Amino acid sequence: MPLQIVRNDITKIKCDAIVNAANSSLLGGGGVDGAIHKAAGKGLLLECIKLGGCKVGQAKITGAYKLPCRYVIHTVGPKWKGGENGEKEALESCYREGLKLAAENDCESVAFPLISSGVYGYPKARALKVAVDIITEFLIDHDMLVYIVIFDKDSFEIGEKLFNNIASYIDNKYVDDNFEFNRTWADNMGESKILTTAAILYPGIEKSDEALAPAFDTGSLKDEVDNIDESFSQMLLRKIDEKGITDSACYKKANVDRKLFSKIRGDIYYHPSKATALAFAIALELSLEETEELLLKAGFALSHSSKFDIIIEYFITHKNYNIFEINEALFAFDQALLGS
Ligand code: ADP
């Protein structure tokens, strides 16, 4: 997945580069800076001394010493002074410059903390939005795996209004409606297919029962197998054509990496995970009904017994197809994220 929001200690992330929210001296400090220097060891400080500091919004790169990555990219975030003093532009520049250095040094993966959102006081939700916006923009023409690492989830919040709206949507829908679910499944399968299944599962069933006759019609079973329905991969490619978008626009919008998309493209029987199938439904801006149809091709359904599914449903019914906003909401509700 090209952009992932994870909850972790950034010093534990195994990737090509981690980004340090440093101060302009680059000589170490508190928060994530202190944690990175402590885990990297003295060699990092000695190399930083030679760099002669760094300006707000800029970035410099060093080795990673004892850290499980190759590089540390040091950037200096702005101090929050109410939001009218160029803080946003400076923070955007931190992400742009950090990503640029990562690309110039052939990094395939890079992890960012929420720069400026600690001691420097940038409101966390706004800091996250800047991070997501700039990283998303960068990923349009770069293949890289980028992590945003959230350390203290307790203080992490998506917009309060959105959070409350989703929470009440979940409350309204989060019911044990297995009955509904089975009915939907039955409707989707179509009666004759269910009977066919019944005949296979329960060979003792009376063939003389007229209602069950189709179940024992082996001719029709063979026909059905021969005329197997359109697969997930075929439906996906058809829908991409129908929407008139390119493959790459689709997998990028789905937050799915190119390799996985090629696999799906090359194998008509490819079985994606539910998160991947849903990510494509979001990228294609499918309605709820079309989403169910695509999911079914991969053997899945949406259920009101699952918070994850209800959150997805919330976004689809509100026609919000921004996968990164959806992932922020899923993260806030402790759910798995969409994508590959
Ligand atoms: P700044 O001075 O740029 O605000 P801080 O280090 O004070 O930098 O905080 C930046 C963000 O990093 C905060 O959201 C803080 O919770 C987070 N943070 C602190 N320690 C770690 C860590 N070990 N891994 C990842 N993030 C961390």
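Would you list the P(r) distribution for region 3-157, with all Cα-Cα distances sorted into 10 Å bins from 0 and each bin expressed as a whole %?
Spelled out per bin, shortest first, that is 12, 46, 36, 6.
In Å², and per residue, what accessible area does region 230-332 have when probed at 1.4 Å with the other protein chains present?
Working: 4260 Å² over 103 residues.
Ligands and nucleic acids excluded, the result is 41 Å² per residue.
Please enumerate, by chain and number, the lysines with C-alpha under 20 Å from the C-alpha of residue 263, excluding those fewer than 8 residues away in the same chain.
239, 252, 253, 274, 297
Would you please give the FRET efficiency between residue 318 and residue 242, computed as 1/(1 + (r/R0)^6) with r the Cβ-Cβ distance and R0 = 25 Å, to the nearest 0.05?
Given R0 = 25 Å and the Cβ-Cβ separation, E is 0.65.
Of all the accessible heavy-atom surface of region 3-157, with the other protein chains kept in place and a 1.4 Å probe, what percent is carbon and sulfur? Spell out each step's value before the answer.
Numbers: 3670 of 7160 Å².
Carbon plus sulfur share of accessible area: 51 percent.
Could you tell me which of rounded, prolate or oblate describes region 285-326, using a ≥ b ≥ c as the square roots of the eigenvalues of the alpha-carbon gyration tensor, with rounded for a/c under 1.5 and, failing that, prolate when a/b is larger than b/c and oblate otherwise? The partial results should precede the final answer.
Numbers: a/c = 1.90, a/b = 1.28, b/c = 1.48.
Oblate.
Whole number in Å², please: accessible area per residue of region 1-116, 1.4 Å probe, ligands, DNA and RNA not counted.
On the way: 5220 Å² over 116 residues.
Value returned for region 1-116: 45 Å² of accessible area per residue.
Relative to the present Cα-Cα distance, how much length would full extension add between residue 152 and residue 81 at 0.36 nm per residue of separation?
Working: separation 71, 0.36 × 71 = 25.56 nm, distance 2.25 nm.
So the extension gain works out to 23.3 nm.
Looking at the square roots a ≥ b ≥ c of the eigenvalues of the Cα gyration tensor of region 230-332, which shape do they give, rounded for a/c under 1.5, prolate if a/b is larger than b/c, or oblate? List each step's numbers first, then the result.
On the way: a/c = 1.63, a/b = 1.39, b/c = 1.18.
Note, shape of region 230-332 comes out prolate.
With a sphere of radius 9 Å drawn around the Cβ of residue 107, what net charge do the other residues whose Cβ falls strictly inside it have (Lys, Arg +1; Asp, Glu -1)? Mind dumping the intermediate values first?
Working: positive: 70; negative: 16, 104, 106, 108.
Taking every other residue near residue 107 into account, the sum is -3.
The values are calculated or read from the model by the stated rules, or taken from the named source; none is laboratory data. Just so it is clear, the model here is predicted, and its values are computed rather than measured. All Cβ positions, glycine included, derive from the backbone under ideal geometry; neighbour counts span all protein chains shown. Accessible surface is based on the protein model in full, side chains and every heavy atom, while ligands, DNA and RNA are left aside. Shrake-Rupley method; radii C 1.70, N 1.55, O 1.52, S 1.80 Å.
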